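Read through the structure below, which is laid out as structure tokens, and then see the notes.
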Amino acid sequence: MIGKPDRVLALGAHPDDVEIGVGGTLAKHADCGAEVTVAVLTSFPENTEDARWAEAERAAEALGVDIELLDVPADRRRFERPLVGRLDDLLGRYDPDAVFTHWLHDSHQDHVNLTRAVLAATRKNRRSVYMYEPMTPGGIVAESFDPQLYVDVSATVDRKFAALRAHASQVAKHGDGWLDGIEGRSRFRGFQVGTTHAEAFEVVKAVERG
């Protein structure tokens, strides 16, 4: 990342997406004094909206970041003008220096549609855009994630996992192996760059704002 962003916006289609992919990095930026906001497309699924959103709020508290629910209905989660318009408004309100979003080749259609809309909304090239690794567990796809940016999150990984454990419904659903898988990836990415834990990103664009 170029410099230390003053304002960071991380987007996820559902509760826990952001925590899995970029939680340690967001906590690190918050510790450095950045204004960090997580925006979640919908609090679905499984008709547990209130419970899932309460978990998301507790997770945000663990990371030390703000959180906003966009509450986009299912028929508006397509890559079309209404979704891009919502993100245009979001970017206008928060004016982030850096934006984090899903990987463009993710297996989940909500994730892909959101990222396509993010790329359209950041079309004026005033902001850095980074894509985080696909969720674990997640569908296997033909493309390979190709990270160009690694962030050492050794100092904030405990908060990342506190945030993940706040999503108690997902821990119950996926079991401890879910957390073990995420930790294994974090340690693998750290090993690649000579640290204990890291998160990895594909760089869409890195923009230094004057």
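The values are calculated or read from the model by the stated rules, or taken from the named source; none is laboratory data. Just so it is clear, the model here is predicted, and its values are computed rather than measured. Note that we place each Cβ from the backbone using ideal geometry, even for glycine, and neighbour counts take in every protein chain shown.
Residue-wise test of (1) at pLDDT 95 or above; (2) farther than 30 Å from ARG78 by Cα; (3) in a loop (DSSP other than H, G, I, E, B); (4) not charged (D, E, K, R).
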position	(1), (2), (3), (4)
PHE100	yes, no, no, yes
ASN125	no, no, yes, yes
THR136	no, no, yes, yes
SER154	yes, yes, yes, yes
GLU183	yes, yes, no, no
GLU202	yes, no, no, no
>> Between GLU133, GLU183, GLU143, which is farther than 22 Å from ALA13 by Cβ and not aliphatic (A, V, I, L, M)?
In response: GLU183
> Does ASP180 fit the bill of being more than 16 Å from the chain's Cα centre (by Cα), among the charged types (D, E, K, R) and more than 28 Å from ASP50 (Cβ to Cβ)?
Replying inline: yes
> Does GLY190 satisfy the condition of being free of Cβ contacts under 8 Å to residues at least 60 places away in the same chain and loosely packed, with under 14 Cβ neighbours inside 10 Å?
Replying inline: no
>> Restricting to region 99-120, and then to whatever is more than 14 Å from the chain's Cα centre (by Cα) and among the polar types (S, T, N, Q), can you tell me which residue is surrounded by the most Cβ atoms within 10 Å (Cβ to Cβ)?
In response: ASN113
> Under the condition of being closer than 17 Å to VAL207 by Cα and surrounded by fewer than 15 Cβ atoms within 10 Å (Cβ to Cβ), which residue from region 121-172 is farthest from the chain's Cα centre (by Cα)?
Replying inline: LYS124
> Would it be correct to say that ARG78 is within 21 Å of ASP66 (Cβ to Cβ) and surrounded by fewer than 21 Cβ atoms within 10 Å (Cβ to Cβ)?
Replying inline: no
>> Let me confirm something: among VAL36, VAL72, which residue is touching a Gly at 6+ places or on another chain (Cβ under 8 Å), touching a residue at least 12 places away in the same chain (Cβ under 8 Å), surrounded by 18 or more Cβ atoms within 10 Å (Cβ to Cβ) and under 25 Å from VAL204 (Cβ atoms)?
In response: VAL36
> Hey, among the residues in region 84-98 that are part of a helix (DSSP H, G or I) and touching a residue at least 12 places away in the same chain (Cβ under 8 Å), which one's surrounded by the most Cβ atoms within 10 Å (Cβ to Cβ)?
Replying inline: LEU87
> Hey, among GLY23, GLY33, which residue is at pLDDT 95 or above and either within 26 Å of GLU143 (Cβ to Cβ) or under 13 Å from the mean Cα position of the chain (by Cα) (or both)?
Replying inline: GLY23
>> Here's a check for you: in region 102-123, which residue that is among the charged types (D, E, K, R) and in a loop (DSSP other than H, G, I, E, B) is farthest from PRO73 (Cα to Cα)?
In response: ARG123
> Tally time: how many residues in region 4-33 are touching a helix residue (DSSP H, G or I) at 6+ places or on another chain (Cβ under 8 Å), crowded, with 24+ Cβ neighbours inside 10 Å and assigned to a helix (DSSP H, G or I)?
Replying inline: 8
> Would you say THR25 is among the polar types (S, T, N, Q) and touching a residue at least 60 places away in the same chain (Cβ under 8 Å)?
Replying inline: yes
